[in-house]
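J.: What follows is a single structure, and I will ask about it in a moment.
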Amino acid sequence: MKSFWKVLSLSVVALVFLAGCGGGKKGGIKVGLSLPTQREERWVRDKIKMEEEAKKLGVDLKVQISDNDAQKQLAQCENLIAQGIKVLILAPHDANSAAAIVEKAHKEGIKVISYDRLVMDCNVDVYISFDNVKVGELQGAYITKLVPKGNYVVLAGAPTDNNAKLFREGAMKYIKPLADKGQIKIVMDQWVKDWQPAEAQKLMEQALTANKNKIDAVLAPNDGTAGGCIQALAAQGLAGKVPITGQDAELAAAIRIMKGEQTMTVFKDTRLLGAKAIEVAIKMAKGETLTEANQTVNNNKIDVPSILLTPIAVDKNNLEEVLIKSGYLKKEDVFKN
Ligand code: GAL
């Protein structure tokens, strides 16, 4: 009985100690993180990586998820600002209205990192993302090489997300010249509200019906929307028969690629992006200069100092090399069926 109480009290001491260490919290640099959603795997990964990194480096990271709601994101960021954060890492749901968040943060002397998505029309301090035009170029080059003529469904992401415009711009560099020549016929050209897979599925169903199932290729802006389109194709027995792009290297997409239902995806290593954001947040909090922000991206107001990582196109030929060997996805998960 005595030893029971000894073990119990030791466990309590250990727990209290661990709780104190948790997240490198108390006393660490306070950083706010505002993400648009956790509905998509990529944003779950960003969150996990930043929390891990913050813990390792003793940053007190305060996380808020806005559930694709601009008003909610504003309110949550106001709350973070009130908590005395030094830096805000902001992945905006709405690129334009989020400018108000940046202004509010600046009024309190808080620096803002535009994370993955650019906040438009404001003096945001730094932008950390991937080369997003390049993401679209990888999709466009891939699909037009495979399908240089025929009926194309062209979907873009959420109109509220500046990235969606950049992805589309990159892809259209390849699709438009062929459409102008009359080789490609764009039978549908639509934005997908909030990047919703169900919305993409609906659009794909419409395109199939309107064209009596004669669709030769689909530009899907990311894996979530590709998944929606593939469900619509599957209902017509066409999954795997119509080449379709994607982005994000989600597990579900990797499985579809190996099954032959999705043609490609674009890998953006969220581990690198997340770690970079925490590293930059620490530097900013200490007032250090960011030598690595050596390029700029214009946000309609200023040329924002930017750090842009490189995306990689992935299909069934290099999936194992790029996604599994790097530890991003587990072999047993990709090949579980
Ligand atoms: C983009 C992001 C993509 C994708 C999409 C939907 O801004 O760059 O990786 O996840 O949003 O959330």
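J.: So Val218 ticks every box in (1) part of a helix (DSSP H, G or I); (2) away from the ligand (no atom under 14 Å from the Cβ); (3) touching a Ser or Thr at 6+ places or on another chain (Cβ under 9 Å) but one. Which box is left unticked?
T.: Among (1) part of a helix (DSSP H, G or I); (2) away from the ligand (no atom under 14 Å from the Cβ); (3) touching a Ser or Thr at 6+ places or on another chain (Cβ under 9 Å), Val218 violates only (1).
J.: Now, a different point. Restricting to strands (runs of 3 or more DSSP E) lying wholly in segment 272-337: which have 3 or more residues that are touching a residue at least 12 places away in the same chain (Cβ under 8 Å)?
T.: By residue number, 303-309, 312-314.
J.: In addition: Consider Glu108 against the criteria (1) closer than 19 Å to Val192 by Cβ; (2) open to solvent by 60 Å² or more (accessible area, probe 1.4 Å); (3) in contact (Cβ under 8 Å) with a residue 24 or more places away in the chain; (4) not hydrophobic (A, V, I, L, M, F, W, C): it satisfies all of them except one. Which criterion is unmet?
T.: (1)
J.: Which is small (Gly, Ala, Ser) and more than 16 Å from Lys214 (Cβ to Cβ), of Gly182, Gly150?
T.: Answer to the selection: Gly182.
J.: More than 14 Å from the ligand (Cβ to nearest atom) and among the polar types (S, T, N, Q), is that true of Gln76?
T.: yes
J.: For segment 221-243, which positions are assigned to a helix (DSSP H, G or I) and touching a Gly at 6+ places or on another chain (Cβ under 9 Å)?
T.: Hits for segment 221-243 are Asp223, Gly224, Thr225, Ala226, Gly227, Ile230, Leu233, Ala234.
J.: Give the residues of segment 55-105 that are assigned to a loop (DSSP other than H, G, I, E, B) and surrounded by fewer than 17 Cβ atoms within 10 Å (Cβ to Cβ), sorted by residue number.
T.: Selection gives Gly58, Asp67, Asp69, Gln83, Gly84, Asn96.
J.: Here's a check for you: in segment 146-198, which residue that is of a type in the set (Asp, Glu) and within 16 Å of the ligand (Cβ to nearest atom) is least open to solvent (accessible area, probe 1.4 Å)?
T.: Ranking the qualifying residues of segment 146-198, first place goes to Asp161.
J.: Inside segment 244-261, can you point out the residues that are more than 15 Å from the ligand (Cβ to nearest atom) and either assigned to a loop (DSSP other than H, G, I, E, B) or surrounded by fewer than 17 Cβ atoms within 10 Å (Cβ to Cβ) (or both)?
T.: Residues satisfying the conditions are Met258, Lys259, Gly260, Glu261.
J.: Could you grab me the full set of residues in segment 262-271 that are among the basic types (Lys, Arg) and in a helix (DSSP H, G or I)?
T.: Answer for segment 262-271, where residues must be among the basic types (Lys, Arg) and in a helix (DSSP H, G or I): just Arg271.
J.: Next question. Taking segment 71-86, which residues are farther than 16 Å from Lys111 by Cβ and not small (Gly, Ala, Ser)?
T.: Scanning segment 71-86 gives Gln71, Lys72, Gln73, Leu74, Gln76, Glu78, Asn79.
J.: If you take the residues in segment 23-54 that are within 19 Å of Val112 (Cβ to Cβ), touching a helix residue (DSSP H, G or I) at 6+ places or on another chain (Cβ under 7 Å) and of a type in the set (D, E, K, R), which one is surrounded by the fewest Cβ atoms within 10 Å (Cβ to Cβ)?
T.: Among those that are within 19 Å of Val112 (Cβ to Cβ), touching a helix residue (DSSP H, G or I) at 6+ places or on another chain (Cβ under 7 Å) and of a type in the set (D, E, K, R), it is Glu53.
The values are calculated or read from the model by the stated rules, or taken from the named source; none is laboratory data. Please read these numbers as outputs of a predicted model, since none were measured by experiment. Cβ: placed from backbone, ideal geometry, glycine included. Neighbour counts: every protein chain shown. Protein only, heavy atoms only, side chains kept; ligands, DNA and RNA dropped before computing areas. Shrake-Rupley method; radii C 1.70, N 1.55, O 1.52, S 1.80 Å.
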